[in-house]
1. Treating the beta-carbon of each Lys and Arg as +1 and of each Asp and Glu as -1, no other charges, what is the dipole magnitude of the stretch 1-156 about its Cα centre, to the nearest 20 debye?
2. Give the distance, in whole Å, between the Cα centre of the stretch 191-217 and the Cα centre of the stretch 76-102.
3. Hey, how many Å between the Cα centroid of the stretch 40-59 and the Cα centroid of the stretch 104-172?
4. I'd like the chymotrypsin sites (Phe, Trp or Tyr not before Pro) in the stretch 167-245 restricted to DSSP loop residues with at most 15 other Cβ atoms within 10 Å, sorted by number.
5. With a ≥ b ≥ c taken as the square roots of the eigenvalues of the C-alpha gyration tensor of the stretch 276-430, please select rounded if a/c is under 1.5 and otherwise prolate if a/b is larger than b/c or oblate if it is not?
6. Which pairs in the list K193/K369; K313/K369; K52/K73; K167/K419 are over 32 Å apart, alpha-carbon to alpha-carbon?
7. Identify, among G283, S183, G379, the residue whose Cα sits farthest towards the positive end of the charge dipole of the chain, taking +1 on the Cβ of Lys and Arg and -1 on the Cβ of Asp and Glu, with the dipole about the Cα centre.
8. How large is the dipole of the stretch 323-430 about the Cα centre if only Lys and Arg carry +1 and Asp and Glu carry -1, each at its Cβ, rounded to the nearest 20 debye?
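The values are calculated or read from the model by the stated rules, or taken from the named source; none is laboratory data. Since the structure is predicted, the reported quantities are computational estimates derived from the model, not experimental observations. Here the Cβ is made from the backbone with ideal geometry for all residues, glycine too, and neighbour counts use every protein chain on show. Side chains included, ligands, DNA and RNA excluded: accessible areas come from the protein's heavy atoms. Shrake-Rupley method; radii C 1.70, N 1.55, O 1.52, S 1.80 Å.
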Amino acid sequence: MCYAMPGKIESVEGDHVAIDYFGQRREAVTDGMEGLVKGDYVYAQNGFIIRKVPHDEALEILETWRGVFDKLKAEDEKQSQPPEKQPADRELSRLLLRTANGARLTDGNLLRLLSSTKAEEIEFMAGTANSIRHRWLDNSCCVHGILEFSNFCKHDCLYCGIRASNKSIRRMRLTAGEIVRASVEAVNVHGFKTLLLQSGDDYSFSDDDLVEIVRRVRSSCGVLIFMSVGERSEECYRRMYAAGARGALLRFETSNPEIYRKLHPTSDYNERIALLHSLARMGYMIATGSLLGLPGQTHRDIIEDIRLAATLKAEMYSFSPIVPSPGTPLENAALPTLDEMIKLISVIRFMVPNARILVTTATEQLSPKARELSLKAGGNSLMLNVTPQAMRAEYNLYPGKVTSDSLQEQIHSTIELLKSIGRAPTDLGR
Ligand code: 5AD
């Protein structure tokens, strides 16, 4: 997972290959993999070829897929029809129907949508967003693995459970060897195709250490690597890219500099944004976004957050509710409601119809149905926790985050959910 299915190479021109997936054509780059020829089977993720797949193995996997591919598509087609039941506010339903047909929303429209409190309106928004998701992106849903390898952090963000001055938590870090082992297991045993390696801003890992970890993971298994290691230097990011990292997850947390300043006593808004821009220039795919429910945040701020992510050409929109974390200055903050989150996901989908929108693990905290409802409101990406159990308990960014479900259980329930709503846990590349 992305439980991508293998594709068959149709043509190779220099670094560029065309790949066929049951008659659908996608492009990808070889990303340094040599000797690829027409007829080879490969896994591609986000337009990068990550691994060649032996013929026999590919045919076997495709055979399994062939049976379910069309069924899943049909199910999604059925479940993502534009909603029929229109809300009483006819103006709002007309607005959303126009949006579904590609009309742009004004700031006034967006504010109206975000401030809706009526269940029928929120349902109509979600259904419309889901139909847009379907039209632009079909039924693919990415399922990345997240490996949390250190909860030491030099920063002191007011909402974060692993902030430096929270003395009430146990700190833990994995060794490079443990990180590589856990990654290889996630990829080779569990089938993940994209991994996010995440830690606090932990400088006991030198730049050399991080670069070496990327190099070892990349050379030990065919996987697309995203790094989420905070505000390391440009030089460090450049070297990690050279070692094989292709994505970076770094939230800007809020696009409002004033709110940022109040919540982040140890880091600077402009530097963070500048770093995001330079990561994009280096070629990183950027996963970014903000936190919903920050003190002082307005709906206007949220619209600007989405715009900022779009300006950064986010490959993945990672927006999350703030979950009050004990031992932090925001421990008594109000948890946003699932409705707030559903509206946010829908509005992202309206503003950026082809966005890859992550249903974050914090969103999943909001209700047992949160994952499904978010996927049905335009979300199309998930992350599963591949961190070894012993470490998982310590990575408490916020309460309730820790899942005791084994990876096998998480995969099983995820696949079942995706099947039930017609989504293919696959990434067909670009
Ligand atoms: N609630 C939700 N998300 C949080 N993060 C940190 N603390 C919290 C919290 N209390 C998120 C931040 C950070 C990411 C690694 O975890 O957005 O970027």
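1. Approximately 620 debye in magnitude.
2. Spelled out, the Cα-based centre of one part sits 43 Å from the other.
3. 31
4. Y203
5. It comes out rounded by the Cα gyration axes.
6. Beyond 32 Å between Cα atoms: K167/K419.
7. Ranked along the dipole, the leading option is G379.
8. Here the size comes out at about 440 debye.
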